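The structure appears right after this line, and notes come after that.
A short reminder: the numbers here are calculations on the coordinates, not readings from a lab. Computed from a predicted model, the values in this text were never measured in an experiment. Neighbour counts are summed over all protein chains in view; Cβ atoms, including those assigned to glycine, are modelled from backbone coordinates with ideal geometry.
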Amino acid sequence: MPTNPPSVEHDYCVEKPSKDEDIEEMKIHIERLQQKVTELTSKVEKFGIQKFSANPDLINFYTGFTSYEIFCTVYNVIEPTASNMIRWTQIQRNCNINTNPFRIESLSYVDQFFMFLCRLRQGFFEEDLAQRFSVSQSTVSRIIITWSNYLYCILGCIPIWPTRAIVQNFLPDCFKQTFPDTKVILDCTEIRVQTPSAKVLNSQTYSNYKSHTTFKGLIGITPNGAVCFVSRLYTGNISDKDITQRSGILDLLEAGDEVMTDKGFLIQDLLTPIGAKLVIPHFWEAKANLVKRKSPEHNK
């Protein structure tokens, strides 16, 4: 005589799978999900230098280099020592720098360099870079500061001051007709910084020109636009003349050199002992006189 199947409402008589079998099924299910996640992740190309290797325009946009090949050439120069970088906080704390180099497992050195160039070229915020590279904001901060110090040590010792023959060889036609002996064009630039809490330091870094606390540096370029001199940074209240005297550029100039500056950059007395000459383009002087005539003080 056939027996009726047990009621769904009374399934306590049905044999249920053991806990071990449930666990095994769950493990199999988790493995399948993890495999799907891995497959989907691999299809999404990470934000990094490889993503733009075939697009020179985007390489230039993010790094300033005109091609991926030039980017790789520069990186290959610094790559041999990149693995020995030391985090800047370690240096401040006098840690054992020989046994604890700067490493970030989730980001290769070449992408760290790419991140640094993105920050330098486009000024992306740290939070934005953190989202792009899928790291924390504190990691971005450590990368930027560490690479800044590292590249300063590696590249800062490379001589970029050209000889007179090199400058003359690349002299633009407009300079050949007007200022053929120009060796360098000088100007100062200021970088805004946080207002120090110490009153003495605040007064030293306060710039009347920018109406803010700044650091100030001297930049020199050749007539064809190549950067040939970068001074150290000074507090914002220093004058252009004092920076020129302290920066060391006077030791690089030779007799017969012409130094081009803006209207208010009066350093002829510093150049005379060297035998160099100060030149200020006439259109800058005319513009300065026009501004002076339009000023309220002049109209009075």
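Taking the simple approach of a point 7 Å from Cα along Cα-to-Cβ for both residue 158 and residue 198, what is their distance in nm?
It is 3.5 nm.
Mind giving me the FRET efficiency for residue 274 and residue 132? R0 is 41 Å, r the Cβ-Cβ distance, nearest 0.05 is fine. Show your work: numbers first, answer last.
On the way: r = 49 Å, r/R0 = 1.19.
Result of the calculation: an efficiency of 0.25.
Quick one: which of 210/241; 210/277; 183/210; 176/263 span more than 24 angstrom between C-alpha atoms?
In this structure, 210/277; 183/210 exceed 24 Å between Cα atoms.
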